[in-house]
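See below for the structure under consideration.
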Amino acid sequence: MRILFLGDTVGRSGREAAAARLPELRRALRIDLAIVNAENASHGFGCAPEMAEALFAAGADVITLGNHAWDRKELIGYIGGAPRLLRPLNFPPGTPGQGSAVVTLTDGRRALVLNAMGRLFMDPLDCPFRATQELLTRHRLGGTVHAIVSDFHAEATSEKMAYAHVFDGQLSLVVGTHTHVPTADHQVLPGGTAFQSDAGMCGDYDSVIGMSKDGAATRFWRKMPGDRLHPAEGEATVCGLFVETDDSTGHARRVEPVRVGGRLSQVMPL
Ligand SMILES: [Fe+2]
Ligand SMILES: [Fe+2]
């Protein structure tokens, strides 16, 4: 299975670049399953229903979220009717929406996508390891599904790496989101799980993690509140990962970074 994952879309620049690039990326990389994290699509904070719909229309099969899941309150009433829009699965029991989805491709192959959220330097939350382990009692690579992808939304690289090693061999891909900076540690772990600590964002990199640099810098350098944060609106770099898996085992054969447009060095898998 050929899988494309795009990191946090930030603001108009990020969400429009992701939507504009998705059809050509799907074609060029012959993508079977495309996943986009949209937790910052709405001015950096949350995702409005029409923004999710625009990304689905552009070719996203699944959309994931994170700590900003409910910043756009309209999503709370919308998510229950959108089974491929995921919030972290370790939110408390009773939270609206779902943390995982099984996608059946046009050719009949099935993929499980899940969104989990880390706890180190993040809000207190149920255990993402235990929540993932519980979900995996109902789905098995090479059994009920051909591929399993986890968007692990977390601040700490150590927690992301630990998570990937715990589930090495049980997942096709563990990709980190939330830090908005692509890391250079993409690899297939010994058990067969593809991993990268962070996918990076779809956003303008002439910024502080996607937000306007002047306002964000004032907070750090003057210890003054500064203006309300707003997203940088220059050309976005669309950042993510391409993964190819073996349908019989569900394990990854290759994992390669994708970076197109904007300021970062350009990378497209051959
Ligand atoms: Fe984010
Ligand atoms: Fe986040």
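The values are calculated or read from the model by the stated rules, or taken from the named source; none is laboratory data. Worth saying up front: this structure is predicted, and the values here are computed from it rather than measured. Counting neighbours? That spans all protein chains shown, and the Cβs are built from the backbone with ideal geometry, glycine included. These area figures cover heavy atoms from the full protein model, side chains too; ligands, DNA and RNA do not enter into them. Shrake-Rupley method; radii C 1.70, N 1.55, O 1.52, S 1.80 Å.
Some values worked out for this structure:
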item	result
Number of the condition not met by Pro190 [criteria: (1) open to solvent by less than 30 Å² (accessible area, probe 1.4 Å); (2) farther than 19 Å from Ala18 by Cβ; (3) of a type outside the set (Ser, Thr, Tyr)]	(1)
Any hit, the range 127-134, residues being part of a strand (DSSP E or B), at negative phi and buried (at least 19 other Cβ atoms within 10 Å of the Cβ)	no
Check on Gln170, more than 18 Å from Ala60 (Cα to Cα), more than 16 Å from ligand 2 (Cβ to nearest atom) and within 18 Å of the chain's Cα centre (by Cα)	no
Spans of strands (runs of 3 or more DSSP E) in the range 141-224 with at least 1 residues within 15 Å of ligand 1 (Cβ to nearest atom) and small (Gly, Ala, Ser)	173-177
Some residue of the range 62-72 being away from ligand 1 (no atom under 16 Å from the Cβ) and more than 19 Å from His178 (Cα to Cα)	no
Residue in the range 210-223 that is within 14 Å of ligand 2 (Cβ to nearest atom), aliphatic (A, V, I, L, M) and in contact (Cβ under 8 Å) with a residue 12 or more places away in the chain present	yes
Enumeration of residues in the range 105-125 that are in a strand (DSSP E or B) and either polar (S, T, N, Q) or surrounded by fewer than 18 Cβ atoms within 10 Å (Cβ to Cβ) (or both)	Arg110, Asn115
Candidate set: the range 43-53, residues that are at negative phi and surrounded by fewer than 24 Cβ atoms within 10 Å (Cβ to Cβ); chosen: the one nearest to ligand 2 (Cβ to nearest atom)	Phe45
Considering residues of the range 59-74 that are surrounded by fewer than 24 Cβ atoms within 10 Å (Cβ to Cβ) and either charged (D, E, K, R) or more than 14 Å from ligand 2 (Cβ to nearest atom) (or both) only, the residue nearest to Met122 (Cα to Cα)	Asp71
Sole residue being hydrophobic (A, V, I, L, M, F, W, C) and within 17 Å of Cys202 (Cα to Cα), chosen from Ala82, Ala28, Ala52	Ala52
Test: residue in the range 166-180 that is touching a residue at least 40 places away in the same chain (Cβ under 8 Å), at negative phi and open to solvent by 20 Å² or more (accessible area, probe 1.4 Å)	no
Any pair with Cβ under 7 angstrom, 6 or more apart, that starts in the range 142-153 at a residue that is open to solvent by 10 Å² or more (accessible area, probe 1.4 Å) and ends at one that is of a type in the set (S, T, N, Q)	Gly142/Ser248; Gly142/Thr249
Residue within the range 234-252 that is within 22 Å of Pro128 (Cα to Cα) and in contact with a Ser or Thr (Cβ under 6 Å, 6 or more places away or on another chain) present	yes
Residue under evaluation Arg259, criteria (1) in a loop (DSSP other than H, G, I, E, B); (2) of a type outside the set (Asp, Glu); (3) open to solvent by 40 Å² or more (accessible area, probe 1.4 Å), criterion not met	(1)
Residue among Phe56, Phe5 that alone is in contact with a strand residue (DSSP E or B) (Cβ under 8 Å, 6 or more places away or on another chain), open to solvent by less than 20 Å² (accessible area, probe 1.4 Å) and either among the hydrophobic types (A, V, I, L, M, F, W, C) or more than 16 Å from ligand 1 (Cβ to nearest atom) (or both)	Phe5
Of all residues making up the range 76-104, the number that are in contact with a helix residue (DSSP H, G or I) (Cβ under 6 Å, 6 or more places away or on another chain), open to solvent by less than 10 Å² (accessible area, probe 1.4 Å) and of a type in the set (A, V, I, L, M)	1
